[in-house]
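A short worksheet on the structure shown next.
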Amino acid sequence: MPFIPVATVQEVPPGKAKQIKVNGRTLALFNVGGAFHAIDDTCPHRGGPLSEGDLIGTEVTCPWHGACFDVTSGAHLSPPAQSDVIAYKVQVVGDQVQVDVP
């Protein structure tokens, strides 16, 4: 699958996130110090929107119940979530952020 353009670099400032929809999936796109990462936007605990959570370093906290995830790998780091979320490959071409979504 080719990478799909989802945003421009300017749309997601460092330390922020943006919800994006690609191929029927809802993802959270994060900018960690200029490096972009994408994970599923839905917390596996109760469906909270991870794109609306607080991003500190590479960790995002679900705004609903406080589960933490690593935005670089999708790994869950703390309860109440019991499972990881999918992480997607991201590349930047010019000012365009692209995600590889199967």
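Quick note: the coordinates plus some simple rules give every number you see, no bench work behind them. Everything numeric in this text was worked out from a predicted model, so none of it was measured. Neighbour counts are summed over all protein chains in view; Cβ atoms, including those assigned to glycine, are modelled from backbone coordinates with ideal geometry.
If I filter the stretch 1-48 down to residues being of a type in the set (D, E, K, R) and in a loop (DSSP other than H, G, I, E, B), which single residue comes out as farthest from the chain's Cα centre (by Cα)?
Of everything passing the filter in the stretch 1-48, 46 is farthest from the chain's Cα centre (by Cα).
In the stretch 68-102, which residues are farther than 20 Å from residue 23 by Cα, over 14 Å from the mean Cα position of the chain (by Cα) and in a loop (DSSP other than H, G, I, E, B)?
If the condition is that a residue be farther than 20 Å from residue 23 by Cα, over 14 Å from the mean Cα position of the chain (by Cα) and in a loop (DSSP other than H, G, I, E, B), then 79, 80, 81, 82, 83, 94, 95 are the ones that fit.
Exactly one of these conditions fails for residue 43: (1) more than 20 Å from residue 25 (Cα to Cα); (2) in contact with a strand residue (DSSP E or B) (Cβ under 8 Å, 6 or more places away or on another chain). Give me its number.
Only one criterion is unmet by residue 43, namely (1).
Consider only pairs whose beta carbons are under 9 Å apart and that are at least six residues apart or on different chains; among these, list those whose first residue lies in the stretch 41-65 and is without any contact (Cβ under 8 Å) to a residue 12 or more places away in the chain and whose second residue is buried (at least 17 other Cβ atoms within 10 Å of the Cβ) and not in a strand (DSSP E or B).
Correct list of pairs: 61/50; 61/53; 61/67.
Go through 60, 71 for me and flag whichever is among the hydrophobic types (A, V, I, L, M, F, W, C), at negative phi and touching a helix residue (DSSP H, G or I) at 6+ places or on another chain (Cβ under 6 Å). If you could, list the steps in order and put the result at the bottom.
On the way: 71 fails: touching a helix residue (DSSP H, G or I) at 6+ places or on another chain (Cβ under 6 Å).
Sole residue among the options that is among the hydrophobic types (A, V, I, L, M, F, W, C), at negative phi and touching a helix residue (DSSP H, G or I) at 6+ places or on another chain (Cβ under 6 Å): 60.
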